[in-house]
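Q: Before I ask anything, let me first share the structure, which is written out below as structure tokens.
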Amino acid sequence: MQEPFRKKKKYGQNFLIGNTVVKRIVAGSGIDADCGVLEIGPGAGALTRELLSAAKRVVSVEIDGELIPILENCFGNDSRFTLIHGDILKTDVSALLREHFAGMPVCVCANLPYYITTDVLTKLMRELPQAKSIAVMIQKEVGDKLLSGPGDDGYGSLAVMCQYRYHVMRALDVPAACFNPPPKVDSSFMVLEKLEQPRVNAGDEEIFTRLVRSAFAMRRKTLLNNLVSGFSLNREQAAACLAAANLSAQARAEELSLEDFAGLAIQLQNTIR
Ligand code: SAM
């Protein structure tokens, strides 16, 4: 007889229970019958089932080998479903897109394992810029961060990069009782809807991304010092960039708006060229 499945804390296995919340998640994610959906961490398939009834194709990536036969058993006969046994952080997601979703708009939907929330969001923004939306259940506190602005607690590179390219919405607050086992933190289902154009003109996106990352790298340092180390500039060059972008030499990253970062990125591009 098959052993009953034991949930593993190390993989963040808090499974969704109750059909109502699952239906609300899929309805709020913007997925339609034309979409290819990348699901991260299908678990025992609570969300997968609903995704398969809403989307054209679903590809799910699951790290836990014990769940693979359970998922194959549930959905293996559906030709629109592909299961990949692997770690999403080590998966070549753009190759996966080319192989499974050619010609389709692509959405990501996941009840994320919370231990890798930031890494997954960073990876998706970097490696899947073509995704139409990224809809994820995450800790409520991380949801607050994504919506934060200059001067708010938790404002950092994740908020700046999300708001640069996406319309960020909190679609649903989900109480711990909707999961088994219930997590110790509150959760929010967040939808990142890709904008037609980035919110601001930041010039060269590689330099903009590098600027945002290095600006928040050492929070205790001034932006000027972070620019010196992040871009190998001397202090005069860094100060001149800040002045040209109408920013004070004492400015700190957490005070800068998205527009400020874009303006500074353009000044940096002129300096390091
Ligand atoms: N989607 C299911 C649900 O809503 O009931 C399960 C969600 S549970 C919060 C997170 C799932 O992600 C688990 O199935 C876990 O094994 C899987 N997981 C954890 N780390 C992963 C990783 N690095 N790559 C892929 N899947 C992972």
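Q: Could you tell me which residue of segment 186-211 is nearest to residue 226 (Cα to Cα), considering only residues that are more than 16 Å from the chain's Cα centre (by Cα) and among the aliphatic types (A, V, I, L, M)?
A: So the residue we want is 211.
Q: Which one of these does residue 148 not meet: (1) in contact (Cβ under 8 Å) with a residue 24 or more places away in the chain; (2) in contact with a helix residue (DSSP H, G or I) (Cβ under 9 Å, 6 or more places away or on another chain); (3) not basic (Lys, Arg)?
A: (1)
Q: Across segment 201-238, which residue is nearest to residue 262 (Cα to Cα) among those that are among the aliphatic types (A, V, I, L, M) and surrounded by fewer than 16 Cβ atoms within 10 Å (Cβ to Cβ)?
A: 217
Q: If you go through segment 18-60, how many residues are open to solvent by 80 Å² or more (accessible area, probe 1.4 Å) and touching a residue at least 60 places away in the same chain (Cβ under 8 Å)?
A: Of the residues in segment 18-60, 2 are open to solvent by 80 Å² or more (accessible area, probe 1.4 Å) and touching a residue at least 60 places away in the same chain (Cβ under 8 Å).
The values are calculated or read from the model by the stated rules, or taken from the named source; none is laboratory data. Just so it is clear, the structure is predicted and the values come from calculations on it, not from any experiment. So basically every Cβ, Gly included, is an ideal-geometry build from the backbone, and we count neighbours across all protein chains shown. The protein model used for the area step is the full one, side chains on, heavy atoms only, and it has no ligands, DNA or RNA in it. Shrake-Rupley method; radii C 1.70, N 1.55, O 1.52, S 1.80 Å.
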